[in-house]
Amino acid sequence: MLKTRVITAVVLLVALLGILFGGYYQLFAAAIVLFLVAAVWEAFQLFGSSKKQALAISLFWGAAFAYTFLFQTNQSTQFWFALCAAIWLVRFVPALGHGLPPPQGIGNTLLGTVYGLSLVGCFAAMVVFYQHSPIYLLSVMALVWVADIGAYFSGKAFGKRKLAPSISPGKSWEGAIGGAIAVLLLAAAVILSGSPMAADTFVVKLQSSRGWLAAMAILAVIVAASVVGDLFESMLKRRAGVKDSSNLLPGHGGVLDRIDALVPVLPFAALIDAWL
């Protein structure tokens, strides 16, 4: 299992770097649509759709996404990012406390559609960040990866107080705090390094535009958003009675399992980026 997980991770990393730095926008666009379709397909199954229904929905959403965000020029995306931030704040964060609606009925259908919209916002943010530069996109995504890694090791070493035992028993407050500290320390190191490569990163732009205090506060919110995204998908899987969103990625589960923490973070970061 570990061998499969490592092999898949290496293949995904090589593919990601090739797509981002290969210099072919068409390849990036095709990959974005493919991964969006996979994520929507997985998500709608978690909300009770059959595989065929979910596939039809995901293909339609993928085509609509490509037309709206890849083929249209001068497309305003700020509305989407603001909508996604509002969705998470008003609907999904409270759901962690009071739970999800029954897996059948209009409430579940509406929630699934709204979650699909949040996926669209996440991938639209990827497009916006990539158009800035591949390094810039990676610099935002890396915040979530560092938070996840920091949370894992902090939780293993110090975890005692469960963060959300009914949703994800393995997560602890100590792990979440450790992930936040890891992000803040890495961000400070990148900002203070003065490296030319670091100049075109989200954290450097954030600090230079808004100062240290605002930068650290916003990064803390980003870490919190990543935890919420992870927990919300865990809640969906627990309700659906599945361990992974799919088996598309051997050893890693599904696409949604790999991007769950990015879903609330990227639209929020894109909204902040427009404010800088």
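Among the residues of the stretch 92-105, is any closer than 30 Å to GLN207 by Cα and open to solvent by less than 30 Å² (accessible area, probe 1.4 Å)?
Step one: filter the stretch 92-105 for residues closer than 30 Å to GLN207 by Cα, giving 92-93.
Keeping just the survivors that are open to solvent by less than 30 Å² (accessible area, probe 1.4 Å) gives 92.
Among the residues of the stretch 92-105, at least one is closer than 30 Å to GLN207 by Cα and open to solvent by less than 30 Å² (accessible area, probe 1.4 Å), which makes the answer yes.
Of all the listed residues (ALA225, ALA217), the sole one being more than 18 Å from SER118 (Cβ to Cβ) and not basic (Lys, Arg) is ALA217. For the stretch 60-70, the criterion of being touching a residue at least 40 places away in the same chain (Cβ under 8 Å), open to solvent by less than 10 Å² (accessible area, probe 1.4 Å) and closer than 22 Å to ASP230 by Cα is met by no residue.
All but one of (1) open to solvent by less than 20 Å² (accessible area, probe 1.4 Å); (2) of a type outside the set (Phe, Trp, Tyr); (3) under 22 Å from ASP273 (Cβ atoms) hold for ILE19; which doesn't? All conditions are met except number (1). Flag not set for SER234, criterion: surrounded by fewer than 21 Cβ atoms within 10 Å (Cβ to Cβ), out of contact with any helix residue (DSSP H, G or I) (no Cβ under 8 Å at 6 or more places or on another chain), touching a residue at least 12 places away in the same chain (Cβ under 8 Å) and under 21 Å from TYR130 (Cα atoms).
Among residues of the stretch 20-42 that are closer than 25 Å to GLU233 by Cβ, those with a Cβ under 6 angstrom from a residue that is open to solvent by 60 Å² or more (accessible area, probe 1.4 Å) and in a helix (DSSP H, G or I), sequence gap 6+ or separate chain, pair up as TRP41/LEU55.
Output the residues belonging to the stretch 89-98 that are in contact (Cβ under 8 Å) with a residue 12 or more places away in the chain and either in contact with a Cys (Cβ under 8 Å, 6 or more places away or on another chain) or of a type in the set (Gly, Ala, Ser) (or both).
Initial filter on the stretch 89-98 (in contact (Cβ under 8 Å) with a residue 12 or more places away in the chain): 91-93, 95-96.
ALA95, the sole residue that qualifies.
Checking each residue in the stretch 34-48 for being open to solvent by 10 Å² or more (accessible area, probe 1.4 Å) and β-branched (Val, Ile, Thr) picks out only VAL37.
Checked against the criterion of being open to solvent by less than 30 Å² (accessible area, probe 1.4 Å), over 30 Å from ILE19 (Cα atoms) and among the aliphatic types (A, V, I, L, M), the candidates LEU119, LEU89, LEU111 yield just one match: LEU111.
So which helices (runs of 4 or more DSSP H) stay within the stretch 127-223 end to end and still have 3 or more residues that are in contact with a Phe, Trp or Tyr (Cβ under 9 Å, 6 or more places away or on another chain) and either open to solvent by less than 70 Å² (accessible area, probe 1.4 Å) or not hydrophobic (A, V, I, L, M, F, W, C) (or both)?
Numbers: elements: 134-158, 173-193, 196-199.
Filter on the stretch 127-223 gives 134-158, 173-193.
The values are calculated or read from the model by the stated rules, or taken from the named source; none is laboratory data. Predicted model, so just to flag it, every value in this text is computed and none were measured. Please note: Cβ atoms are built from the backbone with ideal geometry, for glycine as well, and neighbour counts cover all protein chains shown. When the accessible area is computed, the model is the full protein with side chains, heavy atoms only, and any ligands, DNA or RNA have been set aside. Shrake-Rupley method; radii C 1.70, N 1.55, O 1.52, S 1.80 Å.
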